[in-house]
Amino acid sequence: PTLEKEIYVLKPHEDFRLFLTSEAHPKFPSSLLEGCLKITYEAPPGLKRNVSRTYEVWSQQYIADGSPLRAKLLFLLAWFHAVVQERRAYVPQGWTKFYEFSFADLRSGADIIDQACSGGSEPQWSQLHGLLERAIYGGRVDSAYDIVVLRTYLQQFFSNEMTGGGGIRVRSLPGTAITLPNSARHADYTAMLTELDDENNSPSLFSLPVNVDRTVQVANSKHVITSLRTMAVAAGVSKGFDREAWSAALQPLLRSWDRLVGADQNLKRAPPPPAAASSSAAPSGGGALPVDAFVELERVRGHRAVMEVDRTLSTLGRVLKGTDLLTPAIFAAGKCLMEGTVPPGWEKRWEGPDEPLAYCKAVTQRMTAVVEMTERVKSGSLLSKPVRLEHFFHPETFLNALRQQMARQAGVAIDSLVLVTAWGLTSELE
């Protein structure tokens, strides 16, 4: 890189110092980084500190240069900005991932508020919501769930209920007893912050459950465990295949699989050729009903997934006992299992849980349920009892097959059918 070359050819004075500031970036030269004294700055956490930093940047003149309504909206913007930033501490419950909301977003939002309040006019809430969501904050969000959360916050904070517009009683900020004053004085808004706790964020400030900290701790623990496993595997793989280490790590999974398949002999039994539906259930044109045909195909797919898992684990078991050769394919699969991930061959058969033991349990549970449903197909009574979507490998395909079958029975176009959901007993829907 040009910058690195320029720095190393310099012949500076002994008192010369060069300060570089940068955000984390994968292309930052590692050699230059190693030759520097590194200092990391991270703002202290907490919603109160976050809003206080914003009001340290906004001068008294900036807040006073407008109407009380503008001052209220600026405080709501600072509060909203702090909420979306501090909510990142509760990933994956707060947000599904870490989003880089920055001070540039806050500055752009303040410009929009200045335009909305220009001339002393009342803001158009829908326009303000749309600009803040689509032009600023929402541009960083790539999850449909997170977009809904962001939109809900915008509608909650930027409304007449918060500003007292239209004669509506002013509502306090979520999780606090703070209500906005009808003032354009900087000191009035900073004084409100003294009512907040100096401690770290409380989940109630973000409308999150009080036990959300436990979920975050579990997620962090899983991340640490996964990282430690990856480091251990990397150290072991670099030395080649270690039978003792692999055996100690994989034997619990191998024993669990033996118990799962041993509990039901039908799991590994090859499915019979698809049988024609009974005359009472078959359509007038002949052939199996769409849902029955789907169940037959589901059993074939499930059997292939079970056998793929069984082949991998059985071969690994023999390799660990020294009765079979370690092939590159088995070595790659074993490496994935030691890292706590599912081998690609398994995911090719069925995209299930990410953790190997959970995947094995899920595939056997579904296969057992599909075998039972196959017996109901033979008697023409599949839909005579409730069907659970979680028992299928491909539930979306079942819904398509059900749609075709209902359209055929009703003699209507398939596009005219609408899926209806309801809570309660079947008798309540009739």
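For the range 108-123, give me each residue that is aliphatic (A, V, I, L, M) and open to solvent by 10 Å² or more (accessible area, probe 1.4 Å). Passing the criteria: Ile112, Ala116. Close contacts from the range 150-171, counting a first residue that is over 16 Å from Gly94 (Cβ atoms) and hydroxyl-bearing (Ser, Thr, Tyr) and a second that is open to solvent by 10 Å² or more (accessible area, probe 1.4 Å) and part of a helix (DSSP H, G or I), with Cβ to Cβ under 7 Å and a gap of 6+ residues or different chains, come to Ser159/Trp125; Thr163/Leu69; Thr163/Lys72.
Touching a Ser or Thr at 6+ places or on another chain (Cβ under 9 Å) and closer than 30 Å to Leu316 by Cα, is that true of Thr364? Considered against the rule, which asks whether it is touching a Ser or Thr at 6+ places or on another chain (Cβ under 9 Å) and closer than 30 Å to Leu316 by Cα, Thr364 comes out as no.
Taken over the range 333-367, the criterion of being modelled with pLDDT of 90 or more, part of a helix (DSSP H, G or I) and among the hydrophobic types (A, V, I, L, M, F, W, C) is satisfied by Ala333, Trp346, Leu357, Ala358, Cys360, Ala362, Val363, Met367. Tell me yes or no: at least one residue of the range 170-182 is in a helix (DSSP H, G or I), open to solvent by 30 Å² or more (accessible area, probe 1.4 Å) and modelled with pLDDT of 85 or more. Within the range 170-182, not a single residue is in a helix (DSSP H, G or I), open to solvent by 30 Å² or more (accessible area, probe 1.4 Å) and modelled with pLDDT of 85 or more. Of the residues in the range 199-220, not one is touching a Ser or Thr at 6+ places or on another chain (Cβ under 6 Å) and either within 21 Å of Leu69 (Cβ to Cβ) or of a type in the set (Phe, Trp, Tyr) (or both). Taking the condition part of a loop (DSSP other than H, G, I, E, B), surrounded by fewer than 16 Cβ atoms within 10 Å (Cβ to Cβ), more than 30 Å from the chain's Cα centre (by Cα) and modelled with pLDDT under 90, does Asp324 pass? The answer is yes for Asp324.
Filtering the range 263-297 to residues that are at pLDDT 80 or above, assigned to a loop (DSSP other than H, G, I, E, B) and open to solvent by less than 30 Å² (accessible area, probe 1.4 Å) leaves Leu267, Leu289. Counted as qualifying within the range 1-107 are the helices (runs of 4 or more DSSP H) with 3 or more residues that are open to solvent by 60 Å² or more (accessible area, probe 1.4 Å) and not polar (S, T, N, Q), namely 2-9, 47-57. With the structure loaded, tell me whether Val84 is in contact (Cβ under 8 Å) with a residue 60 or more places away in the chain, more than 24 Å from Tyr55 (Cβ to Cβ) and among the β-branched types (Val, Ile, Thr) or whether it fails that test. No: the conditions fail for Val84.
Could you grab me the full set of residues in the range 372-400 that are crowded, with 19+ Cβ neighbours inside 10 Å and assigned to a helix (DSSP H, G or I)?
Met373, Thr374, Val377, Leu382, Phe398
Exactly one residue out of Ala187, Ala191 is touching a residue at least 24 places away in the same chain (Cβ under 8 Å), of a type outside the set (Val, Ile, Thr), farther than 23 Å from Lys97 by Cβ and assigned to a helix (DSSP H, G or I): that is Ala187.
The values are calculated or read from the model by the stated rules, or taken from the named source; none is laboratory data. A quick note: this is a predicted structure, and the numbers were derived from the prediction, not measured. Reconstructed Cβ throughout: ideal geometry from the backbone, glycine too, with neighbour counts over all protein chains shown. For the accessible areas, the whole protein counts, side chains as well, though only heavy atoms, and no ligand, DNA or RNA atoms are used. Shrake-Rupley method; radii C 1.70, N 1.55, O 1.52, S 1.80 Å.
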